[in-house]
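Worksheet: the structure to be examined is printed underneath.
FYI, it's all coordinate maths here, none of it is from the lab. The structure displayed is predicted, hence computed values, not measured ones. Reconstructed Cβ throughout: ideal geometry from the backbone, glycine too, with neighbour counts over all protein chains shown.
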Amino acid sequence: MTDASMDQTAPRPKRSLHVADDRTRARRAAEKRFRAYGVAAITAGLLCLVVLIWSILSNGLPAFQRTVVDIEFTLTQEQFDEAEKAVLKTKVYTDFFIASLTRQLEDQGLEVAFDGKAVERLMGKVGGTLRSFYRDNPQALGRAVSFELPAASRVDRYFKGTFSRDGISEGNRFIQVEDLDLADALAEAGIIRQAFNWEFITGVDTGVDNPGGAGIGASVLGSFMMMIVVLVLSLPIGVAASIYLEEFAPKNWFTDLIEVNISNLAAVPSIVFGILGLAVFIQFMHLPQSAPLVGGLVLTLMTLPTIIISTRASLRAVPPSIRDAALGVGASRMQTVFHHVLPLAMPGILTGTIIGLAQALGETAPLLLIGMVGFIARYPETFLQGFEGPNSAMPAQIYNWAARSDAVFTEKAWGGIIVLLIFLLSMNIIAILLRRRFERRW
Amino acid sequence: MPVFWLFLCVLGLAVIGSVVGRMRALQSAGGDSRKLHSLPNYYSANVGMWVITPAFAVLLVWLLAQPLFIDSRVANLLPDTAVSEDTTLGLVMSDVRRVAHGLDLAVAQGEMTADEARTLGPDDGDLRERLAGVGVALGSSVSPEVLRAAQDYRQLNSAGAWMMTIAVLVTAMAGLAFGVSKSTRDFRARNMVERGILAILIFAASIAILTTIGILFSLIFNTVEFFRIYPAADFFLGLEWAPSFSGRGGASSLGVLPLLWGTFYISLIALLVSVPIGLFSAIYLSEYATPRVRAFAKPLLEVLAGIPTIVYGLFALLTVGPLLVQVFGDNTVGWMSGGTAVITAGLVMGIMLIPFVSSLSDDIINAVPQAMRDGSYGLGATQSETIRQVVIPAALPGIVGAILLAASRAIGETMIVVLGAGAAARLSLNPFEAMTTVTAKIVSQLTGDSDFASPEALVAFALGTTLFVITLGLNVLALYIVRKYREQYE
């Protein structure tokens, strides 16, 4: 730049660089604001995650606990004979039980009056339970046996804090205010306590008469059966399709058609796959409705694009030098792929497959259409029945519980979500570990 | 012979054939495997292929064709009197099949001898009760024609099964003989096997096409059926959605517009939530964040994408809905009366889409060349000015593509709206009211009831077609825009 070209006419205002002028200040403020928006956005996103997880945990964890009545009870041979001779047999058992319970409470210095009805409201039909136990196990007569009886669902909710005395109306035949006083006394005596609810994990769905006993076990099995079908079908098909597209396919209209189809199928809403399953597998091919087999087939078609896309990425990551070396020593193209490229790509393929399976495991909408939301109160009897007999799946079971009005089922639904998320989390962790352990950078 | 045993037989033959083929090939080379054209294993695989492929092809074709053939034969044998006015041929045939199945079961459980099942006349005891005893419930007592037809059906079936067994086994043996005869030292077994493997690979790849054909077939076939009993104009232009409960009769109004409006309204709210949050997160993560913050925040945000939609549905129904009622409900401003509403579903769907928008935009912003940023800094722009005036305009087409993809996700989302949006179809602008969407109605029209002939069930397929066309259109457009944009900087 020369002096001649410099503009001498307008002298620049004298100003220190250390003092910002208005415009600079405004621009710096804008910069700060912009950054703050970004921070706010990320905070909002993470906050959503925190709220979501908090609401899952706070609502769902109580499902893993239940209130049990822990009672040590002794029945002598004479009492047994006396009860079996009576007309109302279970009534006599109940009376024995109440007498024993009163004594137990008195020993601990607690005096609460109660009758058989109150006991029945608190812990169900005790007499019947006792009778069937002693009839099946006569050798237990005369010895002390400790019983762990599940408390009624309202008592359970009372101890979990979701049900209070205000919720009891006059003449409620399920529970009365005095029952809760009794329950409090029993809790103080250590007879009513909280225990881990194994029945929720191993049990099956129940009706409205016993909401507390509902478990997710059968639907976990249903989901597991579906995942077997998905794995057995989608892994070989996905790998074969990817090998063809990545290693052998010539560039022609047929290959293009396949590529377009795969990328579009990846974005088709899951419910459309449900319609496909309903129309093709059930309406047309007459496969059994509500069967994990059909669910697995539908989910296979849904996860195939995901698996193909990730498998192709891992095949592509194997450097061409490997292929060149194999071809150079005389391997055929098929041998090159199956002996060298595929084993090297396997960790990536498995990772992608597990992630695809995790997606399939959480999918609900297609299952609703093929009828996997029925009331399933039994485990399948045989292994084959597990595939073709009606069953539910975890997400469908959760949906089913959420749609019922009883608050106990709501708690079960949240609990079911925790089980589902544990499965998803462990699958993802396995995928990450696989990748960490075996991934190679070339 | 049951299909499963037949299957095992063919596999067994394949194993025998492989061993024999391999021995024969080695023998022709005088026991020296180096004189063979291919490795010995390829000779085995070749014979195995020749046994399995034709035999299974015959088995598959037979299994598909036999029911059709037998149905038409039995239907022809049925006298015209069997099909009275109040039934159709299809109903009678399903009766025939059920009786035949019952007879099969009765024989299998030892309730009946095989001879008895074959010769049973209409007067020999109450067949209906005996079949109920083995677990097959029949609607009415069995007419003589149906019983006759069922016996014919059983006979044809067992004859067919025998013929199938023989045909499959003969094919397998022929394949074995052919394969073994080919196994000599100069036979190019490897090339043959590799051609077979390639065919398998091509078949696997074309399953994607078959799936699309299956989707189109199932959607279009049933949609056409629907439009045959319900006018298309009423469906596409109808302003009212009021299906009558099936079986009660009465006309349903099945207009799609209220459902489309609900769908778009909820998607709009979801985008209003997810686009600003997602986009600003992406900008911050790709332009400002230190590597440590990025390594921490990005995976955490993506956890939101890995959570199944049923969880979001429950979150909407049981957490967000009641919360919104507390804020906007009767106790405060009184705008909202129930937890299920457009805003509930929209908000939760927005949360679900945040990671979707943010990771797509992140990729796109990262693809903007660094030189453009450097140029802008060189001119004295601040970082935010660079982003707003250089990076975003350059990335805009890609971001629009990402938003379109998110919109297509929102439109196709099912569980959140089934649980969170309500069931009433209405055309309203109030976001605090319950509305319903296309996907929610597909679920409610197709669950429970298995009568596919009524317009109330078939409408779900028309809704599915509408949904498929809209999402496909959005996806194609979005992918086109994104690809166009990528090319610009490559």
Give me D for region A:217-438 in µm² s⁻¹, whole number, from Stokes-Einstein with Rh from the Kirkwood sum over alpha-carbon pairs, 4 °C and 1.567 mPa s. 69
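Going down the table (A:LYS32/B:LYS484; A:LYS117/A:LYS160; A:LYS32/B:LYS298; A:LYS85/A:LYS117; A:LYS251/B:LYS441; A:LYS117/A:LYS412), which pairs top 31 Å between alpha carbons?
Numbers: A:LYS32/B:LYS484 34 Å; A:LYS117/A:LYS160 23 Å; A:LYS32/B:LYS298 22 Å; A:LYS85/A:LYS117 22 Å; A:LYS251/B:LYS441 42 Å; A:LYS117/A:LYS412 28 Å.
Exceeds cut-off: A:LYS32/B:LYS484; A:LYS251/B:LYS441.
Starting from the Cα gyration tensor of chain A, take the square roots of the eigenvalues, sort them a ≥ b ≥ c, and report rounded, prolate or oblate (rounded when a/c is under 1.5, otherwise prolate if a/b is larger than b/c, else oblate). Can you show the working numbers first?
Numbers: a/c = 3.07, a/b = 1.61, b/c = 1.91.
Oblate shape, in that a/c is at least 1.5 and b/c is the bigger or equal ratio.
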Taking square-rooted eigenvalues a ≥ b ≥ c of the alpha carbon gyration tensor, is region A:179-219 rounded, prolate or oblate, where a/c under 1.5 means rounded and, failing that, a/b exceeding b/c means prolate? oblate
At what distance in angstrom do the alpha carbon centres of region B:349-376 and region B:35-77 lie from each other? 53
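Please identify the trypsin sites (Lys or Arg not before Pro) of region B:179-277 that satisfy two criteria: DSSP loop assignment and at most 12 other Cβ atoms within 10 Å. Which are they? Show your work: numbers first, answer last.
Values: sites: B:LYS182, B:ARG185, B:ARG188, B:ARG190, B:ARG195, B:ARG228, B:ARG248; in loops: B:ARG185, B:ARG188, B:ARG248.
Sites meeting the loop and neighbour criteria: B:ARG248.
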Would you compute the Debye intensity of region A:324-438 from its alpha-carbon atoms alone, equal scatterers and no solvent, and pass along log10 I(q)/I(0) at q = 0.19 Å⁻¹ to two decimals? -1.04
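Taking region A:66-196, how much of its Cα-Cα pair set, in percent, is spaced more than 24 angstrom apart? Working shown, then result.
Working: 2516 of 8515 pairs.
Roughly 30 percent, once rounded to a whole number.
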Neighbourhood net charge (9 Å Cβ-Cβ; Lys/Arg +1, Asp/Glu -1) for A:ARG154: 0
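Relative contact order of region A:217-438: what whole-number percent is it, with Cα pairs under 8 angstrom and at least 6 residues apart?
Values: 281 pairs, mean separation 67.8, N = 222.
Rounded, it is 31 percent for region A:217-438.
GluC sites (Glu not before Pro) within region A:169-271: which are DSSP loop residues with at most 15 other Cβ atoms inside 10 Å? The partial results should precede the final answer.
Values: sites: A:GLU170, A:GLU178, A:GLU188, A:GLU199, A:GLU246, A:GLU247, A:GLU259; in loops: A:GLU170.
For GluC sites (Glu not before Pro) across region A:169-271 that sit outside H, G, I, E and B with at most 15 neighbouring Cβ atoms in 10 Å, the list reads A:GLU170.
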In whole angstrom, how far apart do the alpha carbon centroids of region B:96-121 and region A:181-204 sit? 53
J(HN,Hα) series, region A:94-101, from Karplus relation 6.51 cos²θ - 1.76 cosθ + 1.60, nearest Hz, glycine and proline x: 4, 4, 4, 4, 5, 4, 5, 5
Rounded to the nearest 500, what is chain B's calculated 222 nm mean residue ellipticity when only DSSP H runs of at least 4 contribute -39500 (n - 2.57) each, over all residues? -24000 deg cm²/dmol
Chain B - convex hull of the alpha-carbon atoms, volume per residue in Å³: 261
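Which of rounded, prolate or oblate describes region A:122-275 when judged by the alpha-carbon gyration tensor and an a/c cut-off of 1.5?
Numbers: a/c = 4.58, a/b = 2.60, b/c = 1.76.
Taking the square roots of the gyration eigenvalues as a ≥ b ≥ c, region A:122-275 is prolate.
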Below 8 Å, C-alpha to C-alpha, sequence gap of six or more: please give me the relative contact order for chain B in percent. 16
Counting sequence-distant residues (5 or more places) and residues on other chains, those with an amide H built under 5 Å from that of A:ILE192 are A:ASP70, A:ALA187
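Would you mind giving the mean number of other chain beta-carbons within 10 Å of the Cβ of each residue in B:349-358, as a whole number? Before the final figure, lay out the partial values.
Details: counts 0, 1, 7, 2, 0, 7, 2, 0, 0, 3.
The per-residue average across the peptide is 2.
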With θ set to phi - 60° and the Karplus curve 6.51 cos²θ - 1.76 cosθ + 1.60, what are the ³J(HN,Hα) couplings of region B:159-171 in order, to the nearest whole Hz, using x for Gly and Pro? 4, x, 4, 5, 5, 5, 4, 4, 4, 5, 5, 4, 4
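Could you work out the mean count of beta carbons from other protein chains within 10 Å of each residue's beta carbon in B:409-420?
Details: counts 2, 0, 1, 7, 4, 11, 11, 0, 0, 7, 4, 0.
The mean count of partner-chain Cβ atoms within 10 Å per residue comes to 4.
Tally Lys/Arg at +1 and Asp/Glu at -1 over every other residue whose Cβ is under 14 Å from the Cβ of A:SER132; what's the total? Please report the intermediate quantities before stating the final value.
Numbers: positive: A:LYS89, A:LYS125, A:ARG131, A:ARG135; negative: A:GLU84, A:ASP136.
Here the charged neighbours net out to +2.
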If amide H atoms are modeled at 1.01 Å from N in the peptide plane, then the residues at a separation of 5 or more from A:GLN65, or on another chain, having amide H under 5 Å from its own are A:ASN197
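Other chains near A:294-304: what is the mean number of their Cβ atoms within 10 Å of each residue's Cβ? Walk me through the intermediate numbers first.
Details: counts 0, 0, 0, 0, 0, 0, 2, 6, 1, 0, 4.
Mean number of neighbouring Cβ atoms from other chains: 1.
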If the elastic network links every pair of Cα atoms under 10 Å, which of A:PRO236, A:PRO390, A:PRO150 fluctuates the most in the Gaussian network model of chain A? A:PRO236
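Would you mind estimating how fast region B:411-454 diffuses translationally, via Stokes-Einstein at 10 °C and 1.306 mPa s with the Kirkwood radius over Cα pairs, in µm²/s? Before the final figure, lay out the partial values.
Details: Rh = 11.4 Å.
This corresponds to a translational diffusion coefficient of 139 µm²/s.
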For region A:292-299, in residue order, the Karplus 3J(HN,Hα) values (coefficients 6.51, -1.76, 1.60; θ = phi - 60°; whole Hz; Gly and Pro = x) are x, 4, 5, x, x, 4, 4, 5
Please report the equivalent ellipsoid semi-axes of region A:22-62, computed as sqrt(5 x eigenvalue) of the Cα gyration tensor, largest first, in whole Å. 39, 5, 4
Arrange the peptides A:128-139, B:94-105 so that the one whose residues have, on average, the most other Cβ atoms within 10 Å appears first. B:94-105, A:128-139
Between B:LEU254 and residues 5 or more places away or on another chain, which pairs have amide H atoms under 5 Å apart, with H built 1.01 Å from N, and which residues are they? B:ALA242
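Sorted by mean Cβ packing within 10 Å, highest first, what order do the peptides A:81-91, A:214-224 take? Working shown, then result.
Working: A:81-91: 13.2, A:214-224: 23.5.
Sorting A:81-91, A:214-224 by mean packing, highest first, produces A:214-224, A:81-91.
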Sum -39500 (n - 2.57) across every DSSP H segment of at least 4 residues in chain A, then divide by the residue count to get the 222 nm mean residue ellipticity, nearest 500. -19500 deg cm²/dmol
